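*Asks:* Sending over a structure as structure tokens; questions will come in a sec.
The values are calculated or read from the model by the stated rules, or taken from the named source; none is laboratory data. For clarity, every value in this text was computed on a predicted model and none was experimentally measured. Note that each Cβ is placed from the backbone with ideal geometry, even for glycine, and that neighbours are counted across all protein chains shown.
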Amino acid sequence: MRDGFQREIDYLRISLTDRCNFRCVYCMPPEGVEKRSHSEMLTLEEIEEIARAAVELGVRKLRITGGEPLVRRGAVELCRRLGRIPGVEDLSLTTNGALLAPLAAELRETGVRRVNVSLDTLDPEKFRAITRGGELADCLAGIRAALDCGMDPVKLNVVLIGGFNDGEIPALAALSASWGVEVRFIELMPIGHTVPFGPEAYLPVDEVLRRLEGWTAEGTEGVARMFRLPDGGRIGLISPLSCRFCADCNRLRLTADGCLKPCLHSREEISVRGLHGEALRSAILAAAAAKPADHGPPSEQCRSCSQRDMNRIGG
């Protein structure tokens, strides 16, 4: 499956829910999400049907996201069913880690081989502040459980925020060698409820390199530029603002209410809810064809064109 710019589209990110047990400042409003009825959201059976159709068209990688996907009842069983779809070569999960510890081993058995965990700070008080009430210890326990059950790689997603966690760059990067994880620093994106942040918060990820010494460039993996540290650790830099990677974008996003987003920062959405068979496949192909050349204006001065907060899109 190719888009209008001949990029191969082989990656589908599936949001199971827009709900979350955190209220991260850059992701959703402080009051949380507007409660929506179950009838407005895709059922697990519908998600599986859409995933199967996408795989028939050439998708090979599925990533389960949210909100927080593990708050969705039946999330583990859905992973088991998705992992059994012929043609799926890579099934992964993005989570805040708070609910991961008791589920990690079972998720590993379903076919989830790797996991990305959000971790923006190692300070418990700052963690409570950025998540509006989350506990760092729960997140760390989830990371440890993922490592203990053999998930590989385990990646830590750090949203780089000037004035908040830029002073922790060396400590966060050091987790790669000491824990055996990959640490990926991601630029803060001006999308949805990131309004409280001023221009100083939008640091280019190259600031990470200025705060570290002795690193060696290792090329790219997906959207990340990879670097080896003197202690043997590996970090990745993801730069949606300062150094766009749109030319290599290979993904579509499925929202929990049944819309395919051709681009994270685009207003355009194609509803696939209630579609079956050839109509569903045609809609998926239309979403791929609608992918723009790049994601347009987002910068520290210009907000994303997306009409949704991140929790309603899927990370």
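*Asks:* With LEU229, LEU172, LEU209 as the choices, which residue is out of contact with any strand residue (DSSP E or B) (no Cβ under 6 Å at 6 or more places or on another chain) and either among the small types (Gly, Ala, Ser) or crowded, with 18+ Cβ neighbours inside 10 Å (or both)? If you could, list the steps in order and put the result at the bottom.
*Replies:* Numbers: LEU172 fails: out of contact with any strand residue (DSSP E or B) (no Cβ under 6 Å at 6 or more places or on another chain); LEU209 fails: either among the small types (Gly, Ala, Ser) or crowded, with 18+ Cβ neighbours inside 10 Å (or both).
Checking each option against the conditions leaves just LEU229.
*Asks:* If I filter segment 23-40 for residues that are among the acidic types (Asp, Glu), outside any loop (DSSP other than H, G, I, E, B) and modelled with pLDDT of 95 or more, do I get at least one hit? Step through it out loud before you land on a result.
*Replies:* From segment 23-40, those among the acidic types (Asp, Glu) are 31, 34, 40; that's our starting set.
Restricting the remaining residues to those that are outside any loop (DSSP other than H, G, I, E, B) gives 40.
Filter again for modelled with pLDDT of 95 or more, leaving none.
Checking segment 23-40: not a single residue is among the acidic types (Asp, Glu), outside any loop (DSSP other than H, G, I, E, B) and modelled with pLDDT of 95 or more.
*Asks:* Yes or no: THR121 among the hydroxyl-bearing types (Ser, Thr, Tyr), at pLDDT 95 or above and either within 27 Å of GLU46 (Cβ to Cβ) or in a helix (DSSP H, G or I) (or both)? First the steps, then the outcome.
*Replies:* On the way: among the hydroxyl-bearing types (Ser, Thr, Tyr): yes; at pLDDT 95 or above: yes; either within 27 Å of GLU46 (Cβ to Cβ) or in a helix (DSSP H, G or I) (or both): no.
When the stated conditions are applied, THR121 does not pass them.
*Asks:* Related question: Checking ILE130 against (1) loosely packed, with under 15 Cβ neighbours inside 10 Å; (2) more than 28 Å from ARG228 (Cα to Cα), only one condition comes out false. Which one?
*Replies:* Just one mismatch for ILE130, condition (1).
*Asks:* Name the one entry in ASP206, ASP257 that is over 18 Å from the mean Cα position of the chain (by Cα) and not basic (Lys, Arg).
*Replies:* Details: ASP257 fails: over 18 Å from the mean Cα position of the chain (by Cα).
On inspection, the qualifying residue turns out to be ASP206.
*Asks:* Just wondering, is there one or more residues in segment 270-290 that are modelled with pLDDT under 95 and of a type outside the set (A, V, I, L, M, F, W, C)?
*Replies:* Looking through segment 270-290, none of the residues is modelled with pLDDT under 95 and of a type outside the set (A, V, I, L, M, F, W, C).
*Asks:* Looking only at residues in segment 124-134 that are assigned to a loop (DSSP other than H, G, I, E, B) and small (Gly, Ala, Ser), which one is farthest from ARG73 (Cα to Cα)? Even if it seems obvious, please write down each step before you answer.
*Replies:* The initial filter retains those residues of segment 124-134 that are assigned to a loop (DSSP other than H, G, I, E, B), namely 132-134.
From what is left, the residues that are small (Gly, Ala, Ser) are 133-134.
Values: GLY133: 22, GLY134: 20 Å.
It comes out as GLY133.
*Asks:* Any idea which residue in segment 246-271 is farthest from LEU62 (Cα to Cα), counting only those that are out of contact with any strand residue (DSSP E or B) (no Cβ under 8 Å at 6 or more places or on another chain) and part of a loop (DSSP other than H, G, I, E, B)? Can you show your working first?
*Replies:* So the first thing to find is which residues in segment 246-271 are out of contact with any strand residue (DSSP E or B) (no Cβ under 8 Å at 6 or more places or on another chain), and the list is 246-249, 257, 263, 265-267.
Then drop every residue that is not part of a loop (DSSP other than H, G, I, E, B), which leaves 249, 257, 263, 265-267.
Values: CYS249: 15, ASP257: 17, CYS263: 16, HIS265: 20, SER266: 21, ARG267: 23 Å.
Checked segment 246-271; the qualifying residue farthest from LEU62 (Cα to Cα) is ARG267.
*Asks:* Then there's this: Considering each residue of segment 178-205, count those that are at pLDDT 95 or above and either loosely packed, with under 13 Cβ neighbours inside 10 Å or not in a loop (DSSP other than H, G, I, E, B) (or both), and give that number.
*Replies:* 7
*Asks:* For segment 41-82, enumerate the residues that are in a loop (DSSP other than H, G, I, E, B), touching a residue at least 24 places away in the same chain (Cβ under 8 Å) and within 14 Å of VAL272 (Cβ to Cβ). Quick ask: steps written out before the conclusion?
*Replies:* Applying the first criterion (in a loop (DSSP other than H, G, I, E, B)) to segment 41-82 yields 41-43, 57-60, 66-68, 72-74.
Next, from what is left, pick out any that are touching a residue at least 24 places away in the same chain (Cβ under 8 Å): 41-42, 57-60, 66-68, 72, 74.
MET41, LEU42, LEU57, VAL59, listed by residue number.
*Asks:* Could I ask something else about it? Right, ASP90: among the charged types (D, E, K, R) and closer than 30 Å to GLU56 by Cβ or not? Spell out the reasoning first.
*Replies:* Values: among the charged types (D, E, K, R): yes; closer than 30 Å to GLU56 by Cβ: yes.
Here the answer is yes, as ASP90 does meet what is asked.
*Asks:* Is there a residue in segment 220-233 that is touching a Ser or Thr at 6+ places or on another chain (Cβ under 7 Å), assigned to a strand (DSSP E or B), free of Cβ contacts under 8 Å to residues at least 12 places away in the same chain and not aromatic (Phe, Trp, Tyr)?
*Replies:* Yes: one or more hits.
*Asks:* Within segment 133-154, how many residues turn out to be surrounded by 22 or more Cβ atoms within 10 Å (Cβ to Cβ), under 22 Å from GLU106 (Cβ atoms) and of a type outside the set (A, V, I, L, M, F, W, C)?
*Replies:* The number of residues fulfilling the criteria is 1.
*Asks:* Enumerate the pairs (first residue in segment 265-288 and touching a residue at least 24 places away in the same chain (Cβ under 8 Å) and closer than 15 Å to ILE9 by Cβ; second residue anywhere and part of a helix (DSSP H, G or I) and β-branched (Val, Ile, Thr)) with beta-carbon separation below 9 Å, excluding pairs fewer than 6 apart on the same chain, so at least 6 apart or on different chains.
*Replies:* Here the result reads VAL272/ILE50; VAL272/ILE284; ILE284/ILE50, each pair linking segment 265-288 to a residue that is part of a helix (DSSP H, G or I) and β-branched (Val, Ile, Thr).
*Asks:* When you scan segment 83-112, how many residues do you find that are touching a residue at least 60 places away in the same chain (Cβ under 8 Å), outside any strand (DSSP E or B) and in contact with a strand residue (DSSP E or B) (Cβ under 8 Å, 6 or more places away or on another chain)? Even if it seems obvious, please write down each step before you answer.
*Replies:* To start, the set of residues in segment 83-112 that are touching a residue at least 60 places away in the same chain (Cβ under 8 Å) comprises 94, 96, 98-99.
Applying the additional criterion that residues be outside any strand (DSSP E or B) yields 96, 98-99.
With the extra rule that they be in contact with a strand residue (DSSP E or B) (Cβ under 8 Å, 6 or more places away or on another chain), the set shrinks to 96.
Residues flagged as touching a residue at least 60 places away in the same chain (Cβ under 8 Å), outside any strand (DSSP E or B) and in contact with a strand residue (DSSP E or B) (Cβ under 8 Å, 6 or more places away or on another chain) within segment 83-112 amount to 1.
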